[in-house]
Amino acid sequence: MSPDQLTSTELLNSAPAGDRTGMASLALGSGAFLVLGSLATLPYLVLLALPLGVAAVVSGVRALRRGVVATSGRVASVAGITLGSLGVLGWVGLMVLWYLLAQTVNR
């Protein structure tokens with residue numbers, strides 16, 4: 001498969017021993033967390049926090065199960081899982097807030 005046809009996770013994992021470094025999880029988790037900061041300027045971009053967060057958690061858990069070799073890889077995996085979880089929780093929090101706001105406005 002050519003590099004043009006790979007997804008972002010596959011590109012990060014296609015590097016030498018990429019599945020054992022935890023970098024895919026860290027990159028996805030950082031993206032999920034940073035997307036939440038776009039709420040003021042691009043509110044619909046926040047919707048990306050859920051898929052990025054879930055992908056970060058899955059990638060981090062997968063890397064840890066495969067046996068991350070270096071300590072830095074374990075730290076990257078755990079940081080990715082943490083940031084991805086924060087992205088998912090932030091997304092859920094915003095959805096609850098939007099729902100409550102809609103209920104308040106409708107009354």
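The values are calculated or read from the model by the stated rules, or taken from the named source; none is laboratory data. These figures come from a predicted structure and were not determined experimentally. With ideal geometry, Cβ positions are generated from the backbone for all residues, glycine too; neighbour counts draw on all protein chains shown. SASA here: full protein model, heavy atoms, side chains in, ligands and nucleic acids out. Shrake-Rupley method; radii C 1.70, N 1.55, O 1.52, S 1.80 Å.
Among the residues of the range 66-91, those that are open to solvent by 40 Å² or more (accessible area, probe 1.4 Å) and over 14 Å from the mean Cα position of the chain (by Cα) comprise Arg66, Val69, Ala70, Thr71, Ser72, Arg74, Val75. Taking each residue of the range 71-94 that is free of Cβ contacts under 8 Å to residues at least 60 places away in the same chain and of a type in the set (Lys, Arg) and looking for partners that are surrounded by 20 or more Cβ atoms within 10 Å (Cβ to Cβ) and not in a helix (DSSP H, G or I) with beta-carbon atoms closer than 7 Å, six or more apart or interchain, yields Arg74/Gly22; Arg74/Val68.
Within the range 28-46, work out how many residues are over 21 Å from Val61 (Cα atoms) and either in contact with a Leu (Cβ under 7 Å, 6 or more places away or on another chain) or among the aliphatic types (A, V, I, L, M) (or both). Working first, answer last.
Residues of the range 28-46 over 21 Å from Val61 (Cα atoms): 35-46.
In the following step, the residues that additionally are either in contact with a Leu (Cβ under 7 Å, 6 or more places away or on another chain) or among the aliphatic types (A, V, I, L, M) (or both) were identified as 35-36, 38-40, 42, 45-46.
The number of residues fulfilling the criteria is 8.
Scanning the range 30-49 for residues that are over 18 Å from Trp98 (Cα atoms) and open to solvent by less than 40 Å² (accessible area, probe 1.4 Å) gives Ser30, Gly31, Ala32. Based on this model, can you work out whether Leu52 counts as open to solvent by 40 Å² or more (accessible area, probe 1.4 Å), without any contact (Cβ under 8 Å) to a residue 40 or more places away in the chain, of a type outside the set (S, T, N, Q) and over 17 Å from Ser25 (Cβ atoms)? So Leu52 fails the test. Quick check on Ala63: is it buried (at least 20 other Cβ atoms within 10 Å of the Cβ) and of a type in the set (A, V, I, L, M)? Taking the combined requirement at face value, the residue satisfies it. Being surrounded by 15 or more Cβ atoms within 10 Å (Cβ to Cβ), modelled with pLDDT under 85 and assigned to a helix (DSSP H, G or I) is true of Thr9.
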